[in-house]
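Contents: one structure, followed by commentary.
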Amino acid sequence: MIIIALLIGAAYVVVNSFVPEAHRRRFNAVFVAGAGAAYLSGGGLGIWEFAFTAAATYVAYRGLESWTFIGIGWLMHTAWDVVHHLRGEPIVPFAEHSSLGCAICDPVIAIWCFTGGRPVLGMLRNRLARS
């Protein structure tokens, strides 16, 4: 499960390399906002689900202009995933360890965001060309 979660995070980063740079940051801000609301329908933590969603929405809004805030949003979601995993309230109700998998996947995306959300395919091509 750990390897699959890491691969999902890496796949997210690679797929985002195909999003044009002019739209990539804003797309990711919207995506992290959606992740921030992912637990809302389950209501496993009651009113705290609304408080988290409000905080995540603010961070995602700031992410429209800042990769750092998008990374913070993914780390916030990681923490919320851990809380849900420990309480036995998974993000996907029929997949018992889905919150744990999400908590492993999200930091991979956050690290990429903290580096500026650059297209990894271009970086790989440049490294191979130098070799």
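The values are calculated or read from the model by the stated rules, or taken from the named source; none is laboratory data. Here the structure is a predicted model, which means the values were calculated and not measured. Using ideal geometry, Cβ is built from the backbone for each residue, glycine included, and neighbour counts are taken over all protein chains shown. With ligands, DNA and RNA removed, areas are computed over all heavy atoms of the protein, side chains included. Shrake-Rupley method; radii C 1.70, N 1.55, O 1.52, S 1.80 Å.
Placing a pseudo-label 7 Å from each Cα along the Cα-to-Cβ vector at Thr57 and Arg118 gives an inter-label distance of 3.5 nm. In the context of the full protein assembly, Met123 retains an accessible surface of approximately 80 Å², using a probe radius of 1.4 Å and ignoring ligands and nucleic acids. Projecting the Cα atoms of Leu7, Trp112, Phe69 onto the dipole axis of the chain, where Lys and Arg carry +1 and Asp and Glu carry -1 at the beta carbon, places Trp112 farthest toward the positive end. In this simple spin-label approximation, Ala129 and Ile111 carry label points 7 Å from Cα along the Cα→Cβ vector, and these lie 2.5 nm apart. Residue separation of Phe50 and Glu65 scaled by 0.36 nm, minus their Cα-Cα distance, works out to 3.0 nm of gained length. Averaged over its residues, the range 28-118 has an accessible area of 49 Å² per residue, based on protein heavy atoms and a 1.4 Å probe. Helices assigned as whole DSSP H runs in the chain whose Cα atoms extend at least 18 Å along their own long axis and whose mean Kyte-Doolittle hydropathy is -1.0 or higher are found at 2-16, 21-36, 47-63, 67-87, 98-114.
Under a point spin-label approximation (7 Å from Cα along Cα-to-Cβ), what is the Arg87-Arg26 distance to one decimal in nm? About 3.5 nm separates the two model spin labels. For the chain, give the percent of accessible area contributed by carbon and sulfur heavy atoms, probe 1.4 Å, rounded to a whole number. Carbon and sulfur atoms account for 71 percent of the accessible area of the chain.
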